[in-house]
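What follows is a short report on a single structure.
The values are calculated or read from the model by the stated rules, or taken from the named source; none is laboratory data. This is a predicted model, so every value here is computed, not measured. Note: ideal-geometry Cβ built from the backbone for every residue, glycine included; neighbour counts use all protein chains shown.
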Amino acid sequence: MATVAGIDGCRAGWLCLTKDLVTGEIHSCILERISELLTLKPRPRIVAIDVPIGLKDSGPRACDLQARALLKFPRSCSVFPAPIRPVLTAKSYVETCQLGLKADGRKLNRQTWAIMPKIVEVDACLSAHLTLQRWIREVHPEVCFCAWNDNIAMVHRKKSSDGRAEREVLVEPRYGKEYQAVQPSLPRGQYSNDDLLDAFAALWTAERVAAESATVLPANPPLDSHGLRMEIVA
């Protein structure tokens, strides 16, 4: 059975959508920990997940710079700078900024700090098992939506009503039945609707990866010091 998955972080952990590529059947669940991917049955052949994978020891990642250039202002602001590896051990935002300034003269922004636990969780999992990156790939939903929209970035921010409607224009023709069915099946209060739309964007990209039609930023991704690829696929 060929199954792919799209995953986005949410309040309760990770919102996971899986699709059987043979039957087209889509299932949803909330994973408390990313390691639960390894116990999914069937295990997905490809997972597209919205979280930085592969971190530099200093300086910005090429994939983030290229993603911002692709999206242009104002959607480029949605691509938060990935943290550098030396700050992963920090216990507070102040300590993170101190370590960042010492390593490469930059503080971490607040948006990235808010998702640091998820970045650390995924980094620990993949650094311990490098072969997982054969099937777990990094995406950014706004880059996915841009590729889905004939390489035209979304106009509105995703948390606005116009932004939701703009993204649903893409999601509903392809996944409309499943999009409507998934909403009441997931626990209330554990995710927001933009998380669900982002997960569908990731699922769309996972299908493209499985079909070998996805784009990769940059075209030849470099490896970080742990041997993880630094890339964004769409």
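Results, tabulated for the structure shown:
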| item | result |
| --- | --- |
| Test: residue 202 is within 14 Å of residue 17 (Cα to Cα), touching a helix residue (DSSP H, G or I) at 6+ places or on another chain (Cβ under 7 Å) and buried (at least 21 other Cβ atoms within 10 Å of the Cβ) | yes |
| Residues of segment 13-43 satisfying the condition of being under 17 Å from residue 211 (Cα atoms) and within 16 Å of the chain's Cα centre (by Cα) | 18 |
| Filter result for residue 170 (in contact with a Gly (Cβ under 8 Å, 6 or more places away or on another chain) and closer than 22 Å to residue 16 by Cα) | no |
| Matching residues in segment 101-148 - criterion: being among the β-branched types (Val, Ile, Thr) and surrounded by fewer than 21 Cβ atoms within 10 Å (Cβ to Cβ) | 112, 115, 119, 120, 131 |
| Residue count for segment 193-230, restricted to those that are closer than 30 Å to residue 179 by Cα and either β-branched (Val, Ile, Thr) or not in a strand (DSSP E or B) (or both) | 24 |
| Some residue of segment 28-40 being over 20 Å from residue 139 (Cβ atoms), at pLDDT below 95 and not aliphatic (A, V, I, L, M) | yes |
| Scan of segment 76-100 for residues that are surrounded by 14 or more Cβ atoms within 10 Å (Cβ to Cβ) and in a loop (DSSP other than H, G, I, E, B), ordered by number | 79, 80, 81, 82, 83, 84, 88, 90 |
| Residue match in segment 21-30 (condition: surrounded by 15 or more Cβ atoms within 10 Å (Cβ to Cβ) and within 25 Å of residue 229 (Cα to Cα)) | no |
| Condition met for residue 176 (in contact with a Lys or Arg (Cβ under 6 Å, 6 or more places away or on another chain), farther than 28 Å from residue 39 by Cβ, part of a helix (DSSP H, G or I) and not aromatic (Phe, Trp, Tyr)) | no |
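Conditions tested, residue by residue: (1) under 28 Å from residue 84 (Cα atoms); (2) of a type in the set (Ser, Thr, Tyr).
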| site | (1), (2) |
| --- | --- |
| 190 | no, no |
| 198 | yes, no |
| 218 | yes, no |
| 225 | yes, yes |
